[in-house]
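S.K.: Submitted below is the structure of interest, expressed as C-alpha cells.
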Amino acid sequence: MAVKKLSETFPKALIEEVQKWGGMKQTGVSLRYMMEFGAIPTERNLLISAQFLHKELPIRIARRAIELESLPYGLSEKPAVLKVRDWYLDSFRDLRSFSDIKDTKDEQAFTQMIKMIKVRHNNVVPTMALGVQQLKKDSNPKIMYPNLDEIHQFLDRFYLSRIGIRMLIGQHVALHDPNPPSDVVGYIHTKMSPMEVARTASEDARGICLKEYGSAPAIKLYGDPNFTFPYVPPHLHLMVFELVKNSLRAVQERFVDSDRVAPPIRIIVADGLEDVTIKISDEGGGIPRSGLPKIFTYLYSTAKTPLDEHSNFDSTDAMTMAGYGYGLPISRLYARYFGGDLQVISMEGYGTDAYLHLSRLGDSQEPLP
C-alpha cells in the first residue's frame, strides 16, 4: 500500500501553520492553579480558560503532529500511526479555524468543539500500540531492544503530552457542570481519599482476575481511611488498577497449581509531608534483574498481545489481565504529570513492590515535552 505523504493529504498552508505553531512556547499549569482558578467558575473565568486553550492546544497538538512525521525505523509510515497523525492534524485545523473567543456564546461553542476533539483522540493509545506492533512485525529482527530507545523516548513525550491535553480539555469541560459534587473542581477532587480510590481500583482489577482465572488472591489495604488530599481520582484509579492487576496476575500464575493458598496483595497508603505514597506488594515471584530495565518500555510485555488491526477498542471485553504492555510506562507518566513518580523494586524468587509517589503539594508545573 502506497503511503500518502503529508503534502498529498493536507493543504500546504496547513502544514506551514503546523510548523509555525509547533515552534511556539508551551505554557504549563499546576494542579494547585487549576484548582484555585476553577473554584469559582464564573462566565468570565470560563471565557479566560477558553481563550487560554484556544492558543495553548494548537501549540501542543502541532508539536506532536510534527514528531509523528519524523519517527525512526519507518514507524511514521505504519497505517496505525498515519491514522493518529491525521487525528492530530484534523484537531489542529479545527482549533485554528475557530475564530477569537469574545463572549459566552463563543465560549460555549468552543467547549463543544474541544469535547469532540477529546472524543476523536480516545483511542490514540491502543492505535499507537498497534503501530509499534506493526513495526515489530515488519522490522528486521536484528533491530533489538537497545536500538529502540528513540521510540521509547518519543512515546514517553507523546503520551505525557496527551495526558496534559486531555487534562486541560477535561478540566475546562467539567467546570461547566451546573451542580458539581461538593469538594470537586472540574476533574480535581479537593478532598480525595486515596484509600477509597485504591479500594475501588483494586476491586475492579480483582473482578477482571476472577473473570479470567476463575479465582483471585485476596487484597489487604492499610492506611488512614479519613486522610484526604487534592488529586484527580481517575488518574489515581488508573495507576492503582494497573499495578494491582500486574500483581494479581503474577500471584495467580505462580500459585495456580499450588496446594498453598495464594498470598494476598498488600496495599499500604502513607501520608507524608511532601508525598502521599502507595506501596503495592505481592509475592508473585518477582522479575529477573535483567528484565527490570524493560518494564517501563513500550515494547515489552510478558503477556500475549491481544491487539490486531481488527481490534474494537471501544469494546469493554478488551480489558484483559495482560493488556498490551503499556500499563506500567503510562502509569509512571500519570504519576509524573503532577510531580510524582513510580518505582518498582523486585526480589526474584519472591515478589515485587511498586511505590507510587504522588505529590501532596500540587504546585509543580506540568512537564511539557
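The values are calculated or read from the model by the stated rules, or taken from the named source; none is laboratory data. Small disclaimer: the values here were computed from a predicted structure and weren't measured. In this analysis, Cβ positions are derived from the backbone assuming ideal geometry, glycine residues included, and neighbour counts consider all displayed protein chains. Side chains included, ligands, DNA and RNA excluded: accessible areas come from the protein's heavy atoms. Shrake-Rupley method; radii C 1.70, N 1.55, O 1.52, S 1.80 Å.
S.K.: I need the full set of residues from region 332-356 which are out of contact with any Leu (no Cβ under 8 Å at 6 or more places or on another chain) and open to solvent by less than 10 Å² (accessible area, probe 1.4 Å), in order please.
M.R.: GLY351
S.K.: Could you tell me whether THR111 is closer than 30 Å to LYS191 by Cα, surrounded by fewer than 18 Cβ atoms within 10 Å (Cβ to Cβ), modelled with pLDDT of 90 or more and not charged (D, E, K, R)?
M.R.: no
S.K.: Between a residue in region 34-49 that is under 12 Å from GLU107 (Cβ atoms) and any residue that is part of a helix (DSSP H, G or I) and open to solvent by 30 Å² or more (accessible area, probe 1.4 Å), which pairs come within a Cβ distance under 7 Å, given they are 6 or more apart or on different chains?
M.R.: GLU43/THR104; ASN45/PHE37; LEU47/THR104
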